[in-house]
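Here is the structure we will look at.
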Amino acid sequence: MSEHELSEAYHVSSITSKNALTELADKGYLVRIKGKGTFVNSQEILLRIPEYAQNYSRTSRFSSNTIGLILPTMKTGIDQQLLDTLEREINLAGYSLSLSITRENQEQEAAIIEKLRLQGVKGMIIFPAEHELYNEAILRLALEKFPFVLVDRYLKGIRSNIVRTDNYDVTQTAVLSLIQKGCRNIVFLSPDSSNTVTAERLAGFRDVLLKNFIPWNTENICPIPLSVESSEEKEAIIRQFLNEHSHIDGIFCVNHEMARYVSRILTQNHLWNQYQVCAFDYSDDSRVSHIVQDIPAISKLCVKLLTNTIQYDTPPAEYLVKATFVDSVCP
């Protein structure tokens, strides 16, 4: 690219572009050949420049030995356990960890994926952000066959490494326990997302009701819009739903966050005798039946799948990890 082309491309004066090229040439980054133009120096010469050699060494160490881990939040015990076990497994496999948090923001997720690729990570473990649709950045990883593993949430129709809980089966087990305790009007409490995790848990919920001849309709679902970010507003939506549906006698919470709101509402209003409650990943209250995901097994499989893909270019595989149901201690 000529000095004139540089000036136009970066909207600077010709003097500025000329000075920049001269400085880079003086430092050894560029070589100017009369009658031919300006070129980047060879790698051998560049490595003699202390600044370049230092940055090159740092980047090489990072790219040759680093796995990127992308998590949506770090708010709950399950998030912290996942990070702890993944970090341990990644170290055991001989890699370093680069952690990023998306805060359930899909744009941030895409930016992080791009940043990690530019930094030269060998592969990624991704727990996708909560959203109606999957990020195009993840789809590109699959299409370009970049090594990655999806945790729990996955892309339908796209072959990729996936490690997930047996959401459908364990949800049926948990909801059946509510039915066996006499519940006939059970609500499915969840963020209003159509991702694969929510869809699997909702399918298990619906099917176990129908198998036990319990009517299924929209009153069995309390969706919390993804646009609602305030904890207070989410809790108010749940409180209003329970007030307007006084016949509800059982509550199935799709995650720890939903269970936390329900527990607070029932405690504040002395309503524990009116409801049976079950939740994913919520062991904070013995009155709540809960599902325990096998996080150590999930982490071990994630790292195994990813390192096999990095080292041996193995075809994509999917693992289903069984969860455990723990019944409540009745109040």
*asked:* Anything in the stretch 156-169 that is over 22 Å from residue 97 (Cα atoms) and in contact (Cβ under 8 Å) with a residue 24 or more places away in the chain? List them, or say none.
replied: 156, 159, 165, 166, 167, 168, 169
*Return the only residue of 188, 205 being open to solvent by less than 10 Å² (accessible area, probe 1.4 Å), of a type in the set (A, V, I, L, M, F, W, C), within 30 Å of residue 157 (Cβ to Cβ) and in a strand (DSSP E or B).*
188
*List the pairs whose first member sits in the stretch 285-314 and is closer than 22 Å to residue 66 by Cβ, whose second member is part of a loop (DSSP other than H, G, I, E, B) and among the hydroxyl-bearing types (Ser, Thr, Tyr), and whose Cβ atoms are under 9 Å apart, counting only residues at least 6 apart or on separate chains?*
303/95; 305/314; 306/95; 307/95; 308/314; 310/95
*How do the pairs read when you match residues in the stretch 190-203 that are at pLDDT 90 or above with residues anywhere that are surrounded by fewer than 19 Cβ atoms within 10 Å (Cβ to Cβ), using Cβ under 7 Å and keeping only pairs 6 or more apart or on different chains?*
190/223; 191/226; 192/223; 192/225; 192/226; 200/168; 203/168
*Take the residues in the stretch 152-171 that are in contact with a Ser or Thr (Cβ under 7 Å, 6 or more places away or on another chain) and either of a type in the set (Phe, Trp, Tyr) or not in a strand (DSSP E or B) (or both), then tell me which one is modelled with the lowest pLDDT.*
156
*Taking the stretch 106-132 only, how many residues are without any contact (Cβ under 8 Å) to a residue 40 or more places away in the chain and either open to solvent by 70 Å² or more (accessible area, probe 1.4 Å) or within 26 Å of residue 314 (Cα to Cα) (or both)?*
8
*asked:* Exactly one condition in (1) at pLDDT below 80; (2) of a type in the set (D, E, K, R); (3) over 30 Å from residue 304 (Cα atoms) is false for residue 27; which is it?
replied: (1)
*asked:* Quick check on this structure: which one of 41, 65 is over 30 Å from residue 309 (Cβ atoms), open to solvent by less than 60 Å² (accessible area, probe 1.4 Å) and either at pLDDT 95 or above or not aliphatic (A, V, I, L, M) (or both)?
replied: 41
*Are any residues in the stretch 299-324 crowded, with 16+ Cβ neighbours inside 10 Å and more than 25 Å from residue 120 (Cα to Cα), and if so, which ones?*
319, 321, 323
*Applying the selection to the stretch 95-138, what residues are over 20 Å from residue 159 (Cβ atoms), in a loop (DSSP other than H, G, I, E, B) and among the hydroxyl-bearing types (Ser, Thr, Tyr)?*
95, 102
*Determine whether residue 149 is part of a loop (DSSP other than H, G, I, E, B) and either modelled with pLDDT of 95 or more or open to solvent by less than 30 Å² (accessible area, probe 1.4 Å) (or both).*
no
*Please enumerate the residues belonging to the stretch 26-35 that are small (Gly, Ala, Ser) and either touching a residue at least 40 places away in the same chain (Cβ under 8 Å) or farther than 11 Å from residue 46 by Cα (or both).*
35
*Considering every residue within the stretch 223-240, establish whether at least one is within 21 Å of residue 289 (Cβ to Cβ), open to solvent by 50 Å² or more (accessible area, probe 1.4 Å) and free of Cβ contacts under 8 Å to residues at least 60 places away in the same chain.*
no
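The values are calculated or read from the model by the stated rules, or taken from the named source; none is laboratory data. Quick caveat, the model's predicted, so the values are computed rather than measured. Positions of Cβ are generated from backbone atoms using ideal geometry, with glycine treated the same way; all protein chains shown enter the neighbour counts. Just the protein is used for accessible areas: all its heavy atoms, side chains included, with ligands, DNA and RNA removed. Shrake-Rupley method; radii C 1.70, N 1.55, O 1.52, S 1.80 Å.
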